[in-house]
Structures are given as structure tokens and as C-alpha cells.
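For reference, the structure is listed below as C-alpha cells.
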Amino acid sequence: MRKLAAAIVFLSMTASLLAADINFIDVYVTGVIEESDTARTRDDIFGEAMRKGLRQTVLALLPPALAAEKSSLLDDKIFSRPGAYINNIEVLKEGASATSPNSYELSARVGISTSTLLKDLAALGITPQKKGYPRILVLIEQKNIDENYRHRQQPKLNDAESKVRDSLWKLGFPLIDQKAFLNSLSEPREKAIYDGDLDTLLNLARLNDAQVIVFGRAVASRLDNGANPGAMASLDATVLLRAIRVDDGQTISTFSARSTQLHVDAVVGGALAITRAAEEAVNQIAGDIIREWATNKPTGIRITLVVNGLQSEAELSGFKADFQTRIKGIKSLEKRTYSEGTAAFDMVTSYNCDDIIDQLSIKGLAFFTTKVRSKSPNYLELNVRAK
């Protein structure tokens with residue numbers, strides 16, 4: 001059993017975690033040295049390098065048509081203030097040009113805070129392209145003061161989940177239906193997940209067709225002892241989020257955020273502090289998820305599916321349609337051969353053979369009965385019969 005427990009500890013915001021939010025762009029800029037004022041030219045070139053790095057990052061995030069449509073708004077609200085997004089500039093090479101007289105050249109690596117950039121783009125109503133973004137399941141255990149929040153006790157979103165889902169939706173991520181997920185979350189499964197059983201969490205995510213899980217814990221507590229009734233309560237909240245790939249269980253990003261709040265009602269104040277910390281944490285990991293999916297998008301698991309008992313081409317077509325409709329995660333199902341009632345398919349899927357067998361056992365097919373004849377990691381053989 002793979003464990004989650006090591007991740008569900010509260011981390012300080014170290015430099016390594018903060019660095020995970022930074023996107024690096026290499027830029028080259030040149031300018032003419034006017035009136036022998038090299039220092040002024042150098043300052044101008046550094047400013048242009050910042051703007052160029054920011055512009056390239058924005059254009060990489062947005063579809064060309066959307067960037068063109070919003071060009072005036074981007075110029076006015078984003079590109080006009082590169083300092084709000086630039087984390088650092090590493091000079092790779094600079095100096096007078098060896099080939100162009102009176103010219104100054106700069107090659108630099110510009111570090112840009114994608115979480116801040118994405119948040120400001122969303123505030124302007126500009127969201128990155130949704131196509132290709134992973135489907136996300138959000139599950140966060142929350143403890144606000146003395147209130148433990150688990151879903152089988154209270155089958156609705158808590159404060160942290162509401163804020164995280166809202167932020168991800170505004171950034172363009174498709175979200176898993178929370179109601180459908182909660183229907184599959186029994187008390188033993190929920191306990192196993194919060195006790196650190198990663199495999200249980202991954203299996204539930206696959207059954208609900210999620211590609212990434214945003215999992216975590218939110219805790220709010222009083223900084224004062226509450227000894228003065230009627231006085232303002234001082235609350236402190238910490239939210240730890242972890243983004244996990246469903247296909248292999250690998251961690252994409254982890255971030256911990258903290259917030260404080262004064263409020264006359266301790267529970268309300270704790271909820272407000274949790275909400276602010278959750279917003280900061282999800283904005284940090286969202287950029288990491290986007291970059292991970294752009295560079296390491298899963299291609300799926302390739303499985304040979306052999307089906308016995310198909311009495312005609314019509315049954316073969318019916319089985320294929322039924323299988324693709326009822327079984328989640330099927331990316332492609334291509335017939336390789338069909339002879340004497342047996343068909344072989346090349347299948348690409350998000351799930352392994354055991355997951356597919358679980359789905360067949362739980363809900364089955366609509367028009368065929370199925371029985372597993374043989375299986376291995378990349379081979380599944382079924383005996384079927386039309387109902």
C-alpha cells in the first residue's frame with residue numbers, strides 16, 4: 001500500500017517550494033547606445049527583457065485568437081507592469097556587440113511567477129485554453145477550531161474545497177462532479193484515504209475519470225486562549241495541498257500556505273482564514289499542473305483486449321460501443337482482428353487491467369454479460385454473451 005501520510009504534514013514555505021511556481025524564459029535583447037550613454041541603454045534593455053519574457057509566457061498560456069482579441073487589455077493591465085510578475089533575471093551574457101557598432105546585447109533567463117500571472121489574468125476574465133487541461137478531483141480534510149469535517153458526516157464541500165474548486169474552474173480546469181464522487185466515498189474508504197492509503201484514493205479517482213487529484217488538509221486554530229468572551233478572536237489557518245497524477249501516483253506539486261484573521265466569531269474567522277490560505281496554495285500549484293500537463297501529458301496504458309463470444313459483425317460493433325460508453329478512461333479501442341467469434345482490439349486507456357475489471361464487476365455493460373478469462377498487466381481476455 002502506497003502511503004500519503006508523509007505528504008500530509010504542515011510545511012513551512014521554504015525557498016524550494018516557492019521556486020516551484022517560477023517559469024523561466026530565455027530572452028535576447030539588443031539596443032542602440034545613444035550619446036555614449038551605455039548605462040541608460042543597459043537599463044532600457046533590462047526593462048525590455050522583462051517585458052519580452054512576460055509577453056512570451058502569456059502567449060504560451062493563451063490561444064493566439066484570445067491573445068489577439070484581448071491585446072489592448074493585456075497591454076494595459078499586464079504587460080505595462082512586468083515587475084509584478086518577474087521573480088528574478090539571470091544574466092547569461094551582456095556587453096557591447098562584437099558585430100554591430102554602438103549596440104548593446106543582453107541574453108538573460110527571466111523567472112516569472114505563473115501563479116500571480118494566472119490569478120491576474122483570471123481577474124480580467126482571461127483564462128488559459130481549457131482544451132487539454134486535466135480533469136481534477138478535489139478532496140481536502142478540514143478542521144476549523146474544534147470542528148472536524150469529513151464528507152460522510154457532512155456530504156458537501158468544505159471552505160477549503162469550495163475555494164480551491166472555484167479557483168481551478170476560473171483558470172479553465174474541468175472538475176469532477178463532486179456529488180458523484182461522494183456517492184462512491186464510503187466511510188471505510190474515506191478513513192483509509194485520510195489514514196494515508198494512496199491506492200484507495202487513486203482507485204476512486206480513476207472510477208470517477210479524474211486525471212489529477214488535488215488532495216490536502218486545512219486546519220484553523222485560535223492564537224489566543226478564548227478567555228475573554230466577546231473579544232475579537234485571533235485565528236491562524238494553514239492549508240497544505242498536493243497535486244497527484246492519477247495514472248502513476250506521482251506528485252506534481254506540493255505547497256503550504258498560511259493566513260491569519262481577526263473576527264468576533266472564532267468559527268467564522270477560521271473559515272475566512274482557511275479560504276485565504278487555500279486560495280494562495282491553489283494558485284501556486286495551478287501553474288505547476290499546467291506546465292506538467294504541457295510537457296508530460298500521459299499517453300495512456302496500452303492493452304490488448306481479446307473478446308470471445310461475438311456472434312457477428314453487428315455484435316462486435318455493439319460490444320465496442322457498449323464497452324466505450326460504460327467503461328471510463330478508454331482513449332481508443334481499435335479492432336485488430338475478428339475471426340470465428342473472437343475479436344482482438346488494441347486499447348489505450350487511463351486505467352490498468354485491474355481497474356477495468358473492477359468497473360465491469362461494479363456496473364457491467366448494458367447489453368453484454370462479461371467474464372474474465374485471462375489477464376496480465378497488458379492483456380485482458382473476456383468471454384461475453386449478448387443479453
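Just so it is clear, none of the values below were taken in a lab; they were calculated from the coordinates. No experiment lies behind these values; they were computed from the predicted model shown. Cβ coordinates were reconstructed from backbone atoms using ideal geometry, including for glycine residues, and neighbour counts include every protein chain displayed.
Cross-link partners for residue 93 among the lysines, with Cα-Cα distance under 20 Å and sequence neighbours closer than 8 places in the same chain left out: 52.
Using a Förster radius of 30 Å, what is the FRET efficiency between residue 66 and residue 107 based on their Cβ-Cβ separation? Nearest 0.05, please. Numbers along the way, then the final one.
Details: r = 30 Å, r/R0 = 1.00.
Calculated value: 0.50.
Of the residues 82, 47, 61, the one whose Cα sits farthest towards the positive end of the charge dipole of region 22-114 is 61 (charges of +1 on Lys and Arg Cβ, -1 on Asp and Glu Cβ, taken about the Cα centre).
The Stokes-Einstein estimate for region 301-386, based on a Kirkwood radius over Cα pairs and taken at 4 °C with 1.567 mPa s viscosity, is a diffusion coefficient of 103 µm²/s.
Pairs of Cα atoms nearer than 8 Å and 6+ residues apart set the relative contact order; for region 136-295 it is 25 percent. Summing charges over neighbours of residue 219, with a neighbour being any other residue whose Cβ is under 12 Å away from its Cβ, gives -1 when K and R count +1 and D and E count -1. Scanning the chain for DSSP H helices at least 24 Å long along the axis (C-alpha atoms) with a Kyte-Doolittle mean no lower than 0.0 picks out 266-295. Applied to region 340-350, the Karplus parametrisation 6.51 cos²θ - 1.76 cosθ + 1.60 on θ = phi - 60° returns per-residue 3J(HN,Hα) values of 6, x, 10, 10, 10, 10, 9, 10, 10, 9, 7 Hz, with x for Gly and Pro.
Here the contact order of region 301-386, divided by its residue count and restricted to Cα pairs under 8 Å and six or more residues apart, works out to 40 percent. Residues of region 262-284 with the amide nitrogen closer than 20 Å to a label point 7 Å from the Cα of residue 169, along Cα-to-Cβ, please. Under cut-off, by backbone N: 272, 274-284.
Taking 0.36 nm per residue of sequence separation and removing the Cα-Cα distance, the residue 314/residue 337 pair yields an extension gain of 6.8 nm. Counted by neighbouring Cβ atoms within 10 Å, the residues 349, 325 run from fewest to most as 325, 349. Across the chain, Cα pairs under 8 Å and at least six residues apart give a relative contact order of 14 percent.
Net charge around residue 329, counting only other residues with Cβ within less than 9 Å of its Cβ (Lys, Arg = +1; Asp, Glu = -1)?
On the way: positive: 206, 328, 331; negative: 209, 355.
That sum, taken over residues with Cβ under 9 Å, equals +1.
Placing one equal scatterer on every Cα of the chain and applying the Debye formula, the log10 ratio I(q)/I(0) at q = 0.06, 0.07, 0.08, 0.12 Å⁻¹ is -0.34, -0.46, -0.57, -1.00.
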